Each structure stands twice: as C-alpha cells, then as structure tokens.
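In what follows, a single structure is set out as structure tokens and then discussed.
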Amino acid sequence: MDIMHIESSFKFHPVGFGLFTSGKIESFRFVYDCGSRSKTKVNNCIELEYPKEEKINLDLLSISHFHFDHISGLKKLLDSVVKIDTIILPYYTPTERLLYILSLNDNSGEFTPDGWEFDFLKDPTGYLISNFNEKIGKIILIKGGSNQFDSDTKLKDNLDKDIQEDEYKNLEINFEELEDSNDVQEIQEIEGIESSKVFVKKYGSVNLYSSNKTPIWQFVFYYPPFSQKAILYFNQILAKVGLKSINTKSDLKAIVDKVSFNKIATKTKMHGNDINNTSLILYHSPINKRNMSIYRLQVSMNESPNCYFRRYGPINGCPAKGFFYSGDIDLKTYSVDIDAYFNILLDNICVFQIPHHGSIGNWKPTISYRNKGALHVVSSKLSNNKLLHPNPKVLHSIVANNGLILWCNETNCIEFYGILLVH
C-alpha cells in the first residue's frame, strides 16, 4: 500500500505584545488573530508572510476578540492578500462594542475616535463589506452560548471513513456544518445586515475535506459569552455616564458620533482589561483516524537567549495532535464551560497558546494539567515589566507539570512543522 503524506506548518509571528498566528495545511491557509500594540511590527510580519507580489489567497481568518493588539493588522492583511474566503468573528452586541470603544482611552484620558479601527468597532461587518467586498467570500458571526459539543460521537464517526487513494492538494472547509444561530433574525435586525455574505452561526465543529470529500482535519470553534457578573458591571459603567441600553447598531452610531462623546469616554475611565474576559477559541487537529498519525513535529526558532524556558528537539510519534488557540480567554471564569464543551479533545492538545500573553489574572492550569509535556506558547513583549506578561507564576505552574514553554516576542518566531502519514 502506498503511503501518502500531508504537510502542515503553523507559526506564531514575532509581533511583541500581541498575537498573530498563521497556518498552512497543504494549500489551505488560515490566520488566527492579527494584531500587536506595535502596528509596525505586525505589518512587517504580514508583508513577510503574505507579500503582495505572490498574490496569495487566504482560506480562513478567525479573530478572537476586538482588542487593538489582536486586530491592528487586520486592514494590512486584507490589503495584502488577493482574497479571504471566510472571516469568522465573535458576535458582540452594540453595547459590548461601545465598551470596546470606551476602552480606547489612552493613559492620559484623551480619546481619539479616528482610524479604521474605530469604524470597525462601530460596525464590523459593515466596515468589511464596504471596504473589502470583492476580497471577502463570506463573514460568519459566531454567537456565544452554553451547548456542549459531542466530541466523542464526532470523533467516532470519523473513524470509519476510507481515506485511501485520495487527493490532498485542494482542501476545503464546509461551513454549512455550523448550525444557524437561533437569534439569526434578531441579530440581522439589530445590525441592519443586508449583505448575503454575512451569516450568524452557533459555534461548533467543521471539517477540512479532501477533493473526494474525506475529512482530514477538524476546526472547532467555541465562544463563551460575557458572564452575568460582567454584564452587570457593564451596565453600571453605562449608567455612570447616563447611557441607557443600546438596542441597535444605529443607536451605537448615534452615541459615538455625538460631539460630546469624548467627554463621555473620558468620564467612564474604562480600561481594556475590564472587557478582557472572553474570546473566540479555536481548536484544530488532524482527525483521529486509525490510519493517520503524526510522523514529525519540529519547532524552529531563533538562537536567542530570550527563548530561555526550555530547549527541546523534534517530537517524534507525539500522541497528541491538537492546537489550542485561546486569545485572551479568562480560564478562571470559563474553565468549567471549556471542559464541558471540548471534552476529550482537551486531552489531545500538543500546542497550547497561553491566554492573554501570560497574565496571571486569566490563568488557571486545568488544561495544562491534562496534557503533561505539552508545548505552551506565550506571545508577549520582551521588556514588559509594568504588566508582568508573562507572569512567572504562570510559567512555573506549567514547568511544574512538565510542560514546555516557548516565548514568542519581537525577536523570536515560533514555527511548527508536521507531516501526517496516510497509510
């Protein structure tokens, strides 16, 4: 029997304080988050990864949440590629987007409501469709909730598929596998959505298929909504400045376009960390078939003393195959929901992105405990003493569980290369 192989590579780019990750599975390309506090750094990384002269198509772009250090390269990315087939965004209500806008105050309290980021926060889908309609295939808004993903059944169903004599050069995702949200009509009305390219879906699992419709890879999305505690806090912030609940996108625009909005924004003293509780999580891995296995997973990084936590070589025959991108999720608040949703998939994590740049406030080591020896990537700035990201307590808890830590910063790029054998 001939042995075929599927090549893959996954990269954490050196953007300093921020997160920009990209991946390639044969010809299928995807990005999860594209930002940094330094626009220059993230834009330089985009130019290196997606040079305009190569006319690259991107199959999937997922954004975890709307903080500047996760979206600041979005416009540059859209300018650089020829097309993005699918953009996936967490759905934030107009009220929640207002809170993001209020958090744009800098340390001096001066509010600067200009630039494309401001337009994007006011109306994410409207901004994308108005400025990049010809480049975008579709936009999927993921609605948060609490349903459990039946990972046991999903994996078991994929065991019996015949994958011999197939073609792996043209891989595609069928996003129709994501169910429509129960709130799709309400959200369309709230946002005034008219474009046929915009869909509202529940979170869930989709497969990457070969040309013969054989599932090869799975992508699992999960978006826990803001907690009731957070919602209560948000309402208190709005009440403080005399704002009532915002029902529609038009209400949001009417507020932020007021001449007096600068005073309102300054008065709230809203900080970005106040809304740092949730993110759209992405888990992806080869489908766990009997005749598919990781042959080699190798890490490539600069020979710099700044990657100082643990050195290691190639991982051969690694039993775990999954990648877990967490954005800025608060594991203390959502660990129970995450455990219930992903279930046994959490035991299959080979590479785990430490949330919120290694902040102790967002860290709970339950997932790390389930994956002894897993690789943990933190994306942050080298000289960041004020915020203490990554926090030594986070790093020590990982090392105590035999975890391996890689620091992606402004000088170090972390890359993973995999070869998936198909017998």
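The values are calculated or read from the model by the stated rules, or taken from the named source; none is laboratory data. All of these numbers come straight from a predicted model, not from anything done at the bench. A quick note on method: Cβ atoms are made from the backbone with ideal geometry, for glycine too, and the neighbour counts reach across all protein chains shown.
Here are a few things to note about the model shown:
- Of all residues in region 39-69, those that are β-branched (Val, Ile, Thr) and buried (at least 17 other Cβ atoms within 10 Å of the Cβ) total 3.
- In region 215-231, the qualifying residues are those that are surrounded by fewer than 22 Cβ atoms within 10 Å (Cβ to Cβ) and polar (S, T, N, Q), and the one that is nearest to Glu7 (Cα to Cα) is Ser227.
- The residues of region 359-384 that are touching a residue at least 40 places away in the same chain (Cβ under 8 Å), in contact with a His (Cβ under 7 Å, 6 or more places away or on another chain) and either part of a helix (DSSP H, G or I) or of a type outside the set (Gly, Ala, Ser) (or both) amount to a single one, Asn362.
- Reported count of residues in region 189-223, each being in contact with an Asp or Glu (Cβ under 7 Å, 6 or more places away or on another chain) and either among the charged types (D, E, K, R) or free of Cβ contacts under 8 Å to residues at least 12 places away in the same chain (or both), is 2.
- Selection count, region 74-103, where residues are of a type in the set (Val, Ile, Thr), closer than 23 Å to Gly18 by Cβ and at pLDDT below 95: 1
- Here Ser22, Ser36, Ser8, Ser27 are screened, and the one residue that is surrounded by fewer than 24 Cβ atoms within 10 Å (Cβ to Cβ) and touching an Asp or Glu at 6+ places or on another chain (Cβ under 7 Å) is Ser22.
- Count of residues meeting criterion [surrounded by 14 or more Cβ atoms within 10 Å (Cβ to Cβ) and among the acidic types (Asp, Glu)] in region 241-270: 1
- For region 13-32, filtering for residues that are of a type in the set (Val, Ile, Thr), over 12 Å from the mean Cα position of the chain (by Cα) and within 15 Å of Ile46 (Cβ to Cβ) leaves 1.
- Restricting attention to region 309-358 and to residues that are part of a loop (DSSP other than H, G, I, E, B) and hydroxyl-bearing (Ser, Thr, Tyr), the residue that is modelled with the highest pLDDT turns out to be Ser326.
- Some residue of region 142-165 being under 21 Å from Ser8 (Cβ atoms), at pLDDT 90 or above and either part of a strand (DSSP E or B) or polar (S, T, N, Q) (or both): no
- Screening the candidates Ile367, Ile405, Ile419 for the property of being β-branched (Val, Ile, Thr), crowded, with 17+ Cβ neighbours inside 10 Å and farther than 18 Å from Lys332 by Cβ yields one hit, Ile405.
- Long-range neighbours under 9 Å by Cβ, at least six apart or interchain, first residue farther than 22 Å from His356 by Cα and of a type in the set (A, V, I, L, M) within region 35-56, second modelled with pLDDT of 95 or more and in a helix (DSSP H, G or I): Ile56/Glu49; Ile56/Ser80
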